[in-house]
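Right, one structure below, let's go through it.
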Amino acid sequence: MKNVLKRVKNYSVDDFKRLKITSNAFKFGESIPPQYTCEGKNYNPPLDIEFIPEKAKCLAIMVVDFDAPLKPWIHWMVWNVPITHHIKENFNIGISGINDFANFNYSGPCPNKQEHHYFFKIYALDTLLELSSSATSVQMEKAMSEHILGFGEIMGTYRRIRN
């Protein structure tokens, strides 16, 4: 969110409605179950979203690992998701952008040896985004920056079981 807010003029986090993001797969700060990682089915975990603003036209989702060695690592980015209060496991609706694994789908946690923190960020937007599926995370953030009505996130951790 901080990167997006740098591009939004005269706004702060307090100007956006706070979305409540939960999951029945893990609680905030807890370990993400292996089935949602590279060591399992590699599906996105289910997410529940509350307090979506009435004026929202769509949702955008980013999953980011800020513990990656070189830069924040994008595991998933999808936009123009129809308004929903439940993102199902293995979700495939909206437009998926290319992540840092060079694919267009969710790529679950897959850290080397240390535990990493994964932020599932959801944005409620007042418009559909006109982006190519080859858009980068920076392009997505820039396109969203003037259209954010609400924001929420849930963070989970993961340490690989196998090396």
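The values are calculated or read from the model by the stated rules, or taken from the named source; none is laboratory data. Computed from a predicted model, the values in this text were never measured in an experiment. Positions of Cβ are generated from backbone atoms using ideal geometry, with glycine treated the same way; all protein chains shown enter the neighbour counts. Side chains included, ligands, DNA and RNA excluded: accessible areas come from the protein's heavy atoms. Shrake-Rupley method; radii C 1.70, N 1.55, O 1.52, S 1.80 Å.
Calculate, for residue 162 and residue 50, the FRET efficiency according to 1/(1 + (r/R0)^6) with r their C-beta to C-beta distance and R0 25 Å; round to the nearest 0.05.
E(calc), rounded to 0.05, equals 0.10.
Send over a whole-number figure in Å² for the accessible area per residue of the chain, probe 1.4 Å.
Dividing the accessible area of the chain by its residue count gives 53 Å².
Apply the Debye scattering formula to segment 1-153, with a single equal point scatterer on each alpha-carbon and no solvent, then give log10 I(q)/I(0) at q = 0.12 Å⁻¹.
-0.46
Within straight cross-link reach of residue 113, meaning Cα distance under 20 Å, which aspartates and glutamates are found once same-chain residues fewer than 8 apart are removed?
Once the sequence-local aspartates and glutamates are set aside, what remains near residue 113 is 30, 39, 65, 67, 100.
Got a sec to turn the phi values of segment 92-102 into Karplus ³J(HN,Hα) couplings, 6.51 cos²θ - 1.76 cosθ + 1.60 with θ = phi - 60°, whole Hz, x for Gly and Pro?
Per residue, the Karplus-derived 3J(HN,Hα) values read 8, 10, x, 10, 8, x, 7, 8, 6, 8, 6 Hz.
Assigning unit charges at the beta carbon (Lys, Arg +1; Asp, Glu -1) and nothing else, what dipole magnitude in debye, to the nearest 20, does the chain show about its Cα centre?
Rounded to the nearest 20 debye, it is 220 debye.
How big is segment 95-163 in terms of Cα radius of gyration and Dmax, in angstroms?
14.4, 43
What is the distance, in nm, between label points placed 7 Å from the Cα along the Cα-to-Cβ direction at residue 57 and at residue 114?
4.2 nm
Given charges of +1 on the Cβ of Lys and Arg and -1 on the Cβ of Asp and Glu, with all other atoms neutral, how large is the dipole of segment 115-163 about its Cα centre, in debye to the nearest 20?
440 debye
Quote the FRET efficiency, to the nearest 0.05, computed for residue 31 versus residue 128 with a Förster distance R0 of 35 Å and r equal to the Cβ-Cβ distance.
Working from the Cβ atoms, E equals 0.50.
Return the carbon/sulfur percentage of the accessible area of segment 16-163, one whole number, probe 1.4 Å, all protein chains in place.
Reported share for carbon and sulfur atoms: 51 percent.
What spacing in nm lies between the two simple spin-label points modelled at residue 142 and residue 101, each 7 Å away from Cα in the Cβ direction?
Going from the residue 142 label point to the residue 101 one covers 2.7 nm.
Could you go through segment 76-90 in sequence order and give the Karplus-derived ³J(HN,Hα) for each residue, using 6.51 cos²θ - 1.76 cosθ + 1.60 with θ = phi - 60°, rounded to whole Hz, and x for Gly and Pro?
Whole-Hz 3J(HN,Hα) from phi for segment 76-90: 6, 8, 9, 9, 6, 6, x, 4, 8, 9, 9, 8, 6, 4, 6.
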